[in-house]
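These notes concern the structure reproduced below.
The values are calculated or read from the model by the stated rules, or taken from the named source; none is laboratory data. Just so you know, these numbers come straight off a predicted model, no measurement behind them. Every residue, glycine as well, gets a Cβ built from its backbone with ideal geometry; the counts of neighbours run over all protein chains shown.
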Amino acid sequence: MLKIQGGNALRGSVQVSGAKNAALPIMAACLAVPGKTVLHNLPELRDITSMSDLLGQLGMSVTRTGTGQLILEPSRSRQLMADSVADYELVRKMRASVCVLGPLLASRGEAFVSLPGGCNIGHRPIDLHLKGLAALGAEIEIRNGYVIAKATKLTGTRIFLGGAMGSTVTGTCNILTAATLATGRTIIESAACEPEVVDLGNFLIACGAKIEGLGTPCITIDGVEQLQPVEYEIIPDRIEAATWLIATAVTRGDVTIENVIPEHLSAFLDKLTQLGVQCQINSHSIRVAGVTEIQAGDIVALAYPGIPTDIQAQLTAMLCLANGMSVVTDRVFPERFMYASELVRMGAKIRREANSVIIQGVDQLNGASVMASDLRASAALVIAALAAEGETTIRRIYHLDRGYEKLAEKLSALGADVQRLQDPHSPVVSSLPGPHWQQAGIREPK
Ligand code: EPU
């Protein structure tokens with residue numbers, strides 16, 4: 001539980017950590033890289049620990065060797081390797097576990113990955129991941145809640161990966177990694193262009209993969225026999241950077257956000273300027289200062305290079321304090337507004353309308369007891385609490401630990417009045433396999 005006494009302007013500088021959503025598929029891709037891969041700039045987060053646990057269950061050795069550094073190495077002996085099972089207990093807590101599907105299939109010819117199921121940010125199918133892998137030649141079956149994928153050989157082909165909601169980030173990651181070891185050429189059309197996908201692609205290229213078109217909707221991959229281990233540094237987290245920019249703006253603070261790639265935030269920075277938040281953009285840092293009034297405005301969250309859905313909730317929190325009426329629409333996850341009722345408990349005026357919220361700005365939010373429903377919802381509540389009058393307690397902040405490294409410490413260093421207390425609702429994360437993978441006919445790990 002976080003207890004925040006609102007009203008302190010954030011001041012100073014803050015270092016952005018490595019990008020969780022780049023790190024997770026890159027860690028998963030290490031399943032397909034024989035030998036020791038060394039990754040740098042990894043954030044210390046629960047999702048990174050969960051991915052390390054999962055890779056450990058899949059027979060990899062994962063060693064933390066220093067701040068932000070991991071060494072990952074597949075087991076030398078296939079005999080000692082656990083079966084290729086990503087269990088429901090882990091997948092339901094961290095959907096990015098699905099990123100092991102492509103690398104497992106490409107390197108071992110089989111993968112048993114639990115279907116993730118429901119999610120607080122809306123419907124999240126993986127049909128496009130499965131379509132792409134099937135196009136590469138995998139036989140896929142859904143049994144007892146598991147995806148059972150097998151392939152003696154993957155063969156390159158042309159794959160259209162767009163769906164009703166546009167491109168898929170982790171779906172592109174799965175197909176991209178699998179295709180690097182397929183025979184022949186794969187062309188992914190309607191590929192996700194997010195910087196995290198580009199980072200995975202750059203990692204794979206460093207490992208010897210032949211990939212062109214990263215960052216565009218058409219990626220071409222020429223399969224290679226084998227990947228080589230490398231040392232690789234993960235990009236900074238653009239969503240964390242954006243969260244700091246918004247937190248500084250709502251508290252009328254003066255903060256320099258360090259370790260940023262500003263080009264990854266172009267659409268967002270452009271919108272911030274329109275909303276009255278002036279940023280001084282340097283090559284690797286952004287300073288925000290001197291905000292007097294937040295202007296109302298309309299925002300649409302879209303796939304990259306649009307404004308990310310992962311900043312939608314934080315922007316909504318900011319617009320609760322704008323000088324008029326704003327509309328925020330999410331075209332990626334149309335249901336991602338569960339946090340809005342909690343903001344209303346803090347005095348916000350928000351009305352939900354289909355895949356949008358309509359916000360009438362208020363002069364002041366008030367501290368209240370609120371509950372976080374997902375990672376970015378938690379960040380939105382922290383932003384509202386920092387700006388609010390009085391004390392806010394935010395429960396279920398274990399979501400924050402999944403995606404923001406040392407958030408309370410970083411906030412305190414910037415002058416916020418934040419205390420972290422024992423959360424009575426915090427669950428214990430179990431990474432032990434549940435019974436259903438056995439029912440699904442998957443062999444017990446050796
Ligand atoms: N979709 C399908 N079929 C699929 C896959 C996706 O219809 O097979 C739909 C989804 O339901 C959604 C849209 O396509 O409407 C985009 O989903 P996408 O697959 O791109 O999302 P994801 O890969 O599951 C990643 C991030 C999310 C981020 C989204 C969108 C990781 C580990 N997760 O999820 O990050 O919101 O892309 O940018 O990279 C977060 O960090 O808080 C987070 C949720």
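Tabulated data
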| read-out | value |
| --- | --- |
| Looking only at the range 10-40, and only at residues there that are more than 22 Å from G403 (Cβ to Cβ) and among the aliphatic types (A, V, I, L, M), the one that is nearest to the ligand (Cβ to nearest atom) | L31 |
| Some residue of the range 111-122 being without any contact (Cβ under 8 Å) to a residue 12 or more places away in the chain, away from the ligand (no atom under 11 Å from the Cβ) and not polar (S, T, N, Q) | yes |
| Some residue of the range 4-21 being among the charged types (D, E, K, R) and more than 21 Å from the chain's Cα centre (by Cα) | yes |
| Residue among G215, G166, G162 that alone is surrounded by fewer than 20 Cβ atoms within 10 Å (Cβ to Cβ), over 26 Å from V91 (Cβ atoms) and either out of contact with any strand residue (DSSP E or B) (no Cβ under 8 Å at 6 or more places or on another chain) or at pLDDT 95 or above (or both) | G215 |
| Residue that is farthest from K349 (Cα to Cα), among those in the range 384-410 that are among the β-branched types (V, I, T) and either assigned by TED's automatic domain parsing to the domain that holds I48 or crowded, with 20+ Cβ neighbours inside 10 Å (or both) | I397 |
| Among the candidates H129, H123, residue that is in a helix (DSSP H, G or I) and either of a type outside the set (V, I, T) or modelled with pLDDT of 90 or more (or both) | H129 |
| Test: residue in the range 295-314 that is closer than 24 Å to A388 by Cβ and among the hydroxyl-bearing types (S, T, Y) | no |
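To keep it simple, each residue is scored yes or no on (1) within 11 Å of the ligand (Cβ to nearest atom); (2) crowded, with 24+ Cβ neighbours inside 10 Å; (3) of a type in the set (F, W, Y); (4) more than 19 Å from V250 (Cα to Cα).
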position	(1), (2), (3), (4)
G306	yes, no, no, yes
L321	no, no, no, no
R331	yes, no, no, yes
A348	no, yes, no, no
Q360	no, no, no, no
D363	no, no, no, no
S373	no, no, no, yes
